[in-house]
Structure formats: structure tokens, C-alpha cells
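What follows is a short report on a single structure.
The values are calculated or read from the model by the stated rules, or taken from the named source; none is laboratory data. What you see is a predicted model; the values in this text were computed from it and never measured. Here the Cβ positions follow ideal geometry from the backbone for every residue, glycine too, while neighbour counts run over all protein chains shown. Accessible surface is based on the protein model in full, side chains and every heavy atom, while ligands, DNA and RNA are left aside. Shrake-Rupley method; radii C 1.70, N 1.55, O 1.52, S 1.80 Å.
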Amino acid sequence: MTVSAVFEPGTVLHYPYLWHWQDAQGETEGRKDRPVAVAVLFVGRDGQDYVLLLPLTTQKPAEGRQAIEIPATEKPRAALDQNRSQWLMLDEYNLDPVKGSYYLRQSAVTGQFSKAFMQTVLEQFRSLFPQARRVARHP
């Protein structure tokens, strides 16, 4: 089975997410593994398969940030703590090439958001995409 066969939109996994502000400070590694959701898989202009990852956080997003709160019905599907509020950030993402990605090979899949929830997420993300801040990973 290929790595890309494991991922589909809504797959939740633990991944060393590199926040945009960390990248801007010159950091190259995420400080800790955190839950992220696969938003889309796509083939880049270079012919490589890429995965676009959106971070989850328990920190209430600051004013002006774009996020969607995870509904209680989605938390068990994604193996998230039912007792904590959590948000899926929509205004930044990590982009990682599937082939040869150390980060993706080491990431543990924990759950799967529903297709209905992901449809809502992707509609909101697409409306923000031109302004979203990305951090690209390199194998």
C-alpha cells in the first residue's frame, strides 16, 4: 500500500506541524506532533503527489484568524478529546510531498472526519485559499 492510499480528505493524524509564525522565525521543524487533518491530495506541477494539512488546536483562535470549531459529533471519529474545545485552522497549512516524506511516514493516523464535515471545511478553506499562509516541507 502506498502512503497516498492511506490518506484521503478528513484523515486525522499526528504530525509535527510547523506553524507559519515558526517558519517566519527561521524554524524548520514543528515543535511537537499535533493532530492535523488532510484537506486534499493533489499532483503538483512537478508531477509529485502532495498532501495539504490543516492543523487542529485547543487554543481558541485569535481575533481575525479563520477556523472552524470541531463539533462534538466529529471528535470521536477523529479520536479527539471530547472534553476540550478544538478548532481546525483554515488560514494556514503545511504542504508535504507524499513520496519520501519522513514526516508523513512517521505520522500515526488516529481517525477520520466525516465527508459532510469535510465538505463544509473545504468550502470555507477554498474561500480563504488565496490568503492562506503555507509552509512547504521538503523531503
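Could you tell me whether the range 100-107 includes any residue that is over 22 Å from Val43 (Cβ atoms) and either open to solvent by 20 Å² or more (accessible area, probe 1.4 Å) or hydrophobic (A, V, I, L, M, F, W, C) (or both)? Yes, the conditions are met somewhere in the range 100-107.
Take the residues in the range 65-82 that are in contact with an Asp or Glu (Cβ under 9 Å, 6 or more places away or on another chain) and not aliphatic (A, V, I, L, M); name whichever of them is nearest to Ala108 (Cα to Cα). Of everything passing the filter in the range 65-82, Lys75 is nearest to Ala108 (Cα to Cα). Filtering the range 101-118 to residues that are touching a helix residue (DSSP H, G or I) at 6+ places or on another chain (Cβ under 8 Å) and either aliphatic (A, V, I, L, M) or closer than 14 Å to Pro55 by Cα (or both) leaves Leu104, Val109, Phe113.
When you check Met118 against the structure, is it surrounded by 14 or more Cβ atoms within 10 Å (Cβ to Cβ), within 15 Å of the chain's Cα centre (by Cα), over 19 Å from Glu8 (Cβ atoms) and touching a residue at least 12 places away in the same chain (Cβ under 8 Å), yes or no? Spelling it out, it is not the case that Met118 is surrounded by 14 or more Cβ atoms within 10 Å (Cβ to Cβ), within 15 Å of the chain's Cα centre (by Cα), over 19 Å from Glu8 (Cβ atoms) and touching a residue at least 12 places away in the same chain (Cβ under 8 Å). Number of residues in the range 80-100 that are of a type in the set (A, V, I, L, M, F, W, C) and either in contact with a helix residue (DSSP H, G or I) (Cβ under 9 Å, 6 or more places away or on another chain) or not in a strand (DSSP E or B) (or both): the value is 4.
If only residues of the range 40-53 that are out of contact with any helix residue (DSSP H, G or I) (no Cβ under 7 Å at 6 or more places or on another chain) and in a strand (DSSP E or B) are counted, the one that is farthest from Leu13 (Cα to Cα) is Val43. When Glu63, Glu74 are screened for being surrounded by 12 or more Cβ atoms within 10 Å (Cβ to Cβ), part of a loop (DSSP other than H, G, I, E, B) and among the acidic types (Asp, Glu), only Glu74 passes. Restricting to the range 21-31, name every residue that is loosely packed, with under 10 Cβ neighbours inside 10 Å and modelled with pLDDT under 90. If the condition is that a residue be loosely packed, with under 10 Cβ neighbours inside 10 Å and modelled with pLDDT under 90, then no residue fits. For Leu95, indicate whether it is touching a Gly at 6+ places or on another chain (Cβ under 8 Å) and either at pLDDT 90 or above or not polar (S, T, N, Q) (or both). No, not satisfied.
Please verify whether the range 24-39 includes one or more residues that are of a type in the set (Lys, Arg), within 18 Å of Gln86 (Cα to Cα) and not in a strand (DSSP E or B). Scanning the range 24-39 turns up at least one residue that is of a type in the set (Lys, Arg), within 18 Å of Gln86 (Cα to Cα) and not in a strand (DSSP E or B). Residues in the range 5-19 that are touching a strand residue (DSSP E or B) at 6+ places or on another chain (Cβ under 7 Å), open to solvent by 60 Å² or more (accessible area, probe 1.4 Å) and not in a loop (DSSP other than H, G, I, E, B) were compared, and the one that is nearest to Gln119 (Cα to Cα) is Val6.
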